[in-house]
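The values are calculated or read from the model by the stated rules, or taken from the named source; none is laboratory data. In this text, all values refer to a predicted model and were calculated from it rather than measured experimentally. Here Cβ is always computed from backbone atoms with ideal geometry, including for glycine, and neighbour counts include all displayed protein chains.
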Amino acid sequence: MLSTQTSKDAVAPLSTSQAGDYELIRRAIAFLTETWVEQPSLERLAQHLGLSPAHCQKLFKRWCGLSPKEFVQAITVDHARGLLGGSASILETAYEVGLSGAGRLHDLFVSHEAMTPGDYKRRGEGLEMAYGFHASPFGEALLMATERGVAGLAFVNEDKGQTREDALVDMMQRWPKARYAAAPDRTAPHARVIFNASKWSKDQPVRLVMIGTDFDVRVWESLLKIPMGRAVSYTDIARHIGSPSASRAVGSAVGRNPISFVVPCHRVLRGDGSLGGYHWGLTRKRALIGWETGHVAARQ
């Protein structure tokens, strides 16, 4: 049953500091994105945010382990090209020693299964989907889960003026015949693990349920092989799944990925190092890349 109204019961208590931090970070990233060529000083950024330079620096460091200056470097095309270095082989060597350690933080805490093409064609009929809104380092997140695992993770896209209702409708339209229940108590345990790297563990992985076409699932499974702090291009994925001429179709499948962050579609860039698109906003894509850059650097 498709509903367009968000129940108040779907909203888990939000961390005021966490939610407020991301709003400041979002404004900071937007400012740095517009002015990075000028290499804005810490004082200029702090003035834009209405903070003291010391508070501004501390906020950034607490959020992703990078200073504003380091973050600017992390969102430049030159840095992105570095992430893409040797990207054609990343998908094939993701589990070798050379890409272990910090880069494997992400893939170690995920297990997944795919529903059959028949399940997908039924557009969610027979599925019961719990949903809830939760605070995250990247703004307010919407989690959706079946009894088998997480099926959806979206963000309320402030760049497009989205509301919670908009985000919920966007996700529900993917599986219009499913039955939905506002149940943040059922999605909160997933949120606590997904957004806290200290809880990532291969012994207690987050279970994912991928609901898409066979082609979509093949693309999404490839995304799970991209280590943190690295990136691949759409063409790389097309080659990896045995469809070298299907980079455009791969791009569409990446855009349909319903499980943001955990299935890391933000690690797919254009071949020239530019960001390409992102369903939940380019400001958030920059935030994800910068946050991961800081986490990987802190563990090396």
Within segment 108-118, the residues that are part of a loop (DSSP other than H, G, I, E, B) and surrounded by fewer than 16 Cβ atoms within 10 Å (Cβ to Cβ) are Thr116
Looking for whichever is closer than 20 Å to Ala30 by Cα, part of a helix (DSSP H, G or I) and among the hydroxyl-bearing types (Ser, Thr, Tyr) here; the options are Thr283, Thr235. Which one fits? Thr283
In segment 184-210, anything at pLDDT below 85 and not polar (S, T, N, Q) is listed as Ala197, Lys199, Trp200, Lys202, Asp203, Pro205
Which one is modelled with the highest pLDDT among residues in segment 45-87 that are of a type in the set (Gly, Ala, Ser) and within 22 Å of the chain's Cα centre (by Cα)? Ser67
